[in-house]
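Q: Following this message is one structure expressed as structure tokens.
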Amino acid sequence: MSLLKTPAITLRSRRWGEADRIVTFYTLRFGKLRGVARGARRLKSRFGSALEPFVHCDLNLFEKANDHLHRVTQADIQESFAGLREDLERMASAARLANLVNAITAEGDQSSRKFETLLAGLRALQAGHDPGLTALLFQVKLLELSGYQPRTDHCVTCGGELHKTGEAKGFRFSPMAGGLVCDSCAWRRPDGGLVLSPGSVAFLQKAGQLTPEALTRLTVAGPMRRELDTTIEAYVTVVAGKRLPPVDFLAAEPREPAYEAKRWP
Amino acid sequence: MSVDNQGLLAQLIRELVRLPGIGQKTAQRLAFHLLKTERDEALRLAEAIRAVKEGLVFCRRCRNIAEGELCEFCRDPKRDHTKILVVEEPSTLYAIERTGGFRGLYHVLLGSLSPLDGIGPSDIRAQELVDRLKDGGVQEVILATNPTIEGEATAIYLTKLIKPFGARVSRIAYGIPVGMDIEYADEVTLIKSIEGRRDL
């Protein structure tokens, strides 16, 4: 049993047992890990709000042999990102970044650049940058740092030259293949129909190159923003292996009710 | 000691293990306790479980657990019908009721919004609250959702929904728990408690 100390960002936190929480962190030194925080939901818990989603804290954990679930012993808040809890749009965009990191990162997969990028994304949202655009930009960057940067220089399937296609004079993007595809490959792929304008392709390339701190200098609006949102959403679904909760969660589809008791009509 | 997977006792243990906080050993202990208990006592427990599952419904007005069309609070004419306190779960309602400090009515959302899990307004009983406001007579809605990211999202959403009806919307106070040393409070709680200070 050894003590681990590391800066961490809380990705999600769920109730466990009588008064405990199981918390998923992305940490600077050990990558993604999960820990149980005993008594975290009690009124006088020593954790306070330090284990709430998006909080950047200094974390102490005990690592147990042969157990993926660590024991959280202390968490001191560095940045609470309290502003993200006061605005639904900013909250939803922060949730998308946390969900993406959680979905595409294996436990123990360490990357200080990914940690810094997630932190920079939360800081940008807290500073008041456009929530939807910030989520888009930082998703592209996080995908790149996780090894999923969409290929945009040559056809991702055959390596051939890319040509602008159709009336829109755009390129075809295949989420399943992970990048742009040439016309002949697009016809053979069932998902090769997403059209990206040359401006959107340049935007993706630039977003992958910029440092996290400089990312928010990039802007995009109108039809180009819509096609980028659609493309990245489709690509994230493929990479994550499932549909992540939508950024516009207020329009989410209804789920099965948690209670089974009878209802009045 | 372990019990094999066959037979009536094993079936009881399997069912008990499904309860929250009950592991295999505890389930075995409970099963043997029930085995040793008087027949009438054990059957009373079974009957109570059956009665709860078949007899309880949601109150038509506030969505609290009820035994009839309306719950005990909505039926009570002595309660203040101009105030509605909104909670996420029935268990919170009973915690507040135990204090005896609130004499208004309740509204139970049966959940909370969650941007992390994609739980939207159609998963909670928010529209039923709006319907109650449309009926008129409500002067204040007190939002007592949890001070978590889900509870905050729910409170912000409900505030936008309720404001157009002209009723006062308030949020329960954040702050230092009674009996705690201030120096041990975390940053967010401290800031919130200073923001929510009141005149003496």
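The values are calculated or read from the model by the stated rules, or taken from the named source; none is laboratory data. Quick caveat: nothing in here was measured; it's all calculated off a predicted structure. Neighbour counts run over all protein chains shown; Cβ positions are idealised from the backbone, glycine included.
Q: At least 1 residues that are among the aromatic types (Phe, Trp, Tyr) in each: list the strands (runs of 3 or more DSSP E) lying fully within segment A:1-96 that qualify. Break it down into steps so the answer makes sense when it comes.
A: Details: elements: A:2-16, A:20-27, A:31-37, A:56-63, A:69-79.
Output list reads A:2-16, A:20-27, A:56-63.
Q: Would you confirm, using the coordinates I've provided, whether A:LEU133 is touching a His at 6+ places or on another chain (Cβ under 7 Å), crowded, with 19+ Cβ neighbours inside 10 Å, of a type outside the set (Lys, Arg) and touching a residue at least 60 places away in the same chain (Cβ under 8 Å)?
A: Numbers: touching a His at 6+ places or on another chain (Cβ under 7 Å): no; crowded, with 19+ Cβ neighbours inside 10 Å: yes; of a type outside the set (Lys, Arg): yes; touching a residue at least 60 places away in the same chain (Cβ under 8 Å): yes.
So A:LEU133 does not fit the description; no.
Q: Residues to consider are B:GLU150, B:GLU140; find the one that is over 23 Å from A:ALA19 (Cα atoms), touching a strand residue (DSSP E or B) at 6+ places or on another chain (Cβ under 7 Å) and among the acidic types (Asp, Glu). Quick ask: steps written out before the conclusion?
A: Numbers: B:GLU150 fails: over 23 Å from A:ALA19 (Cα atoms).
Step by step, each of B:GLU150, B:GLU140 is checked, and only B:GLU140 is over 23 Å from A:ALA19 (Cα atoms), touching a strand residue (DSSP E or B) at 6+ places or on another chain (Cβ under 7 Å) and among the acidic types (Asp, Glu).
Q: Here is a list: A:ALA92, A:ALA106. Which entry is within 14 Å of chain B (Cβ to nearest Cβ) and touching a residue at least 60 places away in the same chain (Cβ under 8 Å)? It would help to see each step written out before you state the result.
A: Details: A:ALA106 fails: within 14 Å of chain B (Cβ to nearest Cβ).
That would be A:ALA92, the only listed residue that is within 14 Å of chain B (Cβ to nearest Cβ) and touching a residue at least 60 places away in the same chain (Cβ under 8 Å).
Listed here are the residues, each with its yes/no results for (1) within 30 Å of B:ASP131 (Cα to Cα); (2) surrounded by fewer than 14 Cβ atoms within 10 Å (Cβ to Cβ); (3) of a type in the set (A, V, I, L, M, F, W, C).
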position: B:LEU30; (1), (2), (3): no, no, yes
position: B:ARG39; (1), (2), (3): no, yes, no
position: B:ARG44; (1), (2), (3): no, yes, no
position: B:ARG50; (1), (2), (3): no, yes, no
position: B:LYS53; (1), (2), (3): yes, yes, no
position: B:PHE58; (1), (2), (3): yes, no, yes
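Q: Give the residue, chosen from B:ALA155, B:ALA167, B:ALA185, that is assigned by TED's automatic domain parsing to the domain that holds B:GLU89 and buried (at least 20 other Cβ atoms within 10 Å of the Cβ).
A: Unique residue meeting the criteria: B:ALA155.
Q: Could we say that B:SER112 is among the hydroxyl-bearing types (Ser, Thr, Tyr), within 14 Å of another protein chain (Cβ to nearest Cβ), crowded, with 19+ Cβ neighbours inside 10 Å and within 16 Å of the chain's Cα centre (by Cα) here? Even if it seems obvious, please write down each step before you answer.
A: Numbers: among the hydroxyl-bearing types (Ser, Thr, Tyr): yes; within 14 Å of another protein chain (Cβ to nearest Cβ): yes; crowded, with 19+ Cβ neighbours inside 10 Å: yes; within 16 Å of the chain's Cα centre (by Cα): yes.
Yes, satisfied.
Q: Only one residue in A:LEU59, A:LEU4 is closer than 19 Å to A:GLN110 by Cβ and either at the interface with chain B (Cβ under 9 Å from one of its Cβ atoms) or crowded, with 24+ Cβ neighbours inside 10 Å (or both). Which one? Steps first, answer last, please.
A: Working: A:LEU4 fails: either at the interface with chain B (Cβ under 9 Å from one of its Cβ atoms) or crowded, with 24+ Cβ neighbours inside 10 Å (or both).
Going through A:LEU59, A:LEU4 in turn, the sole match is A:LEU59.
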